[in-house]
Amino acid sequence: MSTADAERSSSDDASVSEGSSRGPTLSKDDTFHILQNERRRRVLQYLSEADGAVDMRDIAEQVAAWEHGTTVQQLTSDQRQRVYIALYQSHLPKLADFGLITYNRSRGVVERTPLADQISWYLDGDETSERPRPVSSHDKWVRYYVGATLLSLLLIGVVRIDLVPSTVLSNVGLGLVITLVYAAVTVAMAVDDGP
């Protein structure tokens with residue numbers, strides 16, 4: 001494939017779409033496709049810790065060392081070569097096609113792009129540890145509705161065991177208070193989501 005074909009293929013790739021004001025974004029399927037391969041994950045991890053452009057040989061050596069549980073100095077030339085070839089022929093071009101890196105094949109120089117920040121969350125930390133899930137707007141409002149439900153049950157319990165005399169809060173008054181609690185949460189949610 002010529003350089004022009006590769007550039008055309010990269011620019012036509014529907015997997016990288018323009019986000020509103022944030023620039024290009026990756027679909028969830030493409031993100032998982034990229035991350036399904038351990039070598040690609042390791043390349044992205046290495047680049048996330050590097051400053052600027054990196055020589056491809058340095059990446060290949062470190063990835064090979066991680067794969068073999070050894071140091072770069074203790075690698076055999078065979079171990080280095082196998083990883084180098086796979087990165088050169090397959091993994092680095094794929095990462096470049098998805099816009100996660102810039103890859104100058106002739107010079108052997110690789111650099112991480114800002115798009116790689118979208119998937120860096122998946123690469124951080126120990127793979128065996130449980131990652132905290134970001135709190136979404138939906139999760140926040142579920143908590144508010146659960147709180148409203150618990151408050152309502154508490155009010156019903158207080159009235160039921162006569163801690164508040166029925167003259168102060170009748171059944172109709174209790175229903176009105178509970179309705180107002182849910183109305184307040186619903187209005188707050190509508191205002192928060194906004195237009």
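The values are calculated or read from the model by the stated rules, or taken from the named source; none is laboratory data. Predicted model, so just to flag it, every value in this text is computed and none were measured. Note: ideal-geometry Cβ built from the backbone for every residue, glycine included; neighbour counts use all protein chains shown. With ligands, DNA and RNA removed, areas are computed over all heavy atoms of the protein, side chains included. Shrake-Rupley method; radii C 1.70, N 1.55, O 1.52, S 1.80 Å.
At-a-glance table
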{"item": "Any chance residue 100 is open to solvent by less than 10 Å² (accessible area, probe 1.4 Å) and in contact with a Phe, Trp or Tyr (Cβ under 8 Å, 6 or more places away or on another chain)", "result": "no"}
{"item": "Lone unmet requirement of (1) under 22 Å from residue 114 (Cβ atoms); (2) assigned to a helix (DSSP H, G or I) for residue 51", "result": "(2)"}
{"item": "Residues (over 24 Å from residue 145 (Cα atoms) and either open to solvent by less than 80 Å² (accessible area, probe 1.4 Å) or aliphatic (A, V, I, L, M) (or both)) located in segment 167-190", "result": "168"}
{"item": "Condition check for residue 148: at pLDDT 85 or above and surrounded by 14 or more Cβ atoms within 10 Å (Cβ to Cβ)", "result": "yes"}
{"item": "Any hit, segment 96-111, residues being assigned to a helix (DSSP H, G or I) and farther than 18 Å from residue 45 by Cβ", "result": "yes"}
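Rundown of residues vs (1) in contact with a Cys (Cβ under 8 Å, 6 or more places away or on another chain); (2) assigned to a helix (DSSP H, G or I); (3) modelled with pLDDT of 90 or more, yes/no style:
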{"site": "5", "(1), (2), (3)": "no, yes, no"}
{"site": "10", "(1), (2), (3)": "no, yes, no"}
{"site": "24", "(1), (2), (3)": "no, no, no"}
{"site": "29", "(1), (2), (3)": "no, yes, no"}
{"site": "88", "(1), (2), (3)": "no, yes, yes"}
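Conditions (1) touching a residue at least 40 places away in the same chain (Cβ under 8 Å); (2) crowded, with 20+ Cβ neighbours inside 10 Å, marked per residue:
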| site | (1), (2) |
| --- | --- |
| 29 | no, no |
| 34 | yes, yes |
| 38 | no, no |
| 42 | no, yes |
| 48 | yes, no |
| 51 | no, no |
| 55 | yes, no |
| 60 | no, yes |
| 65 | no, no |
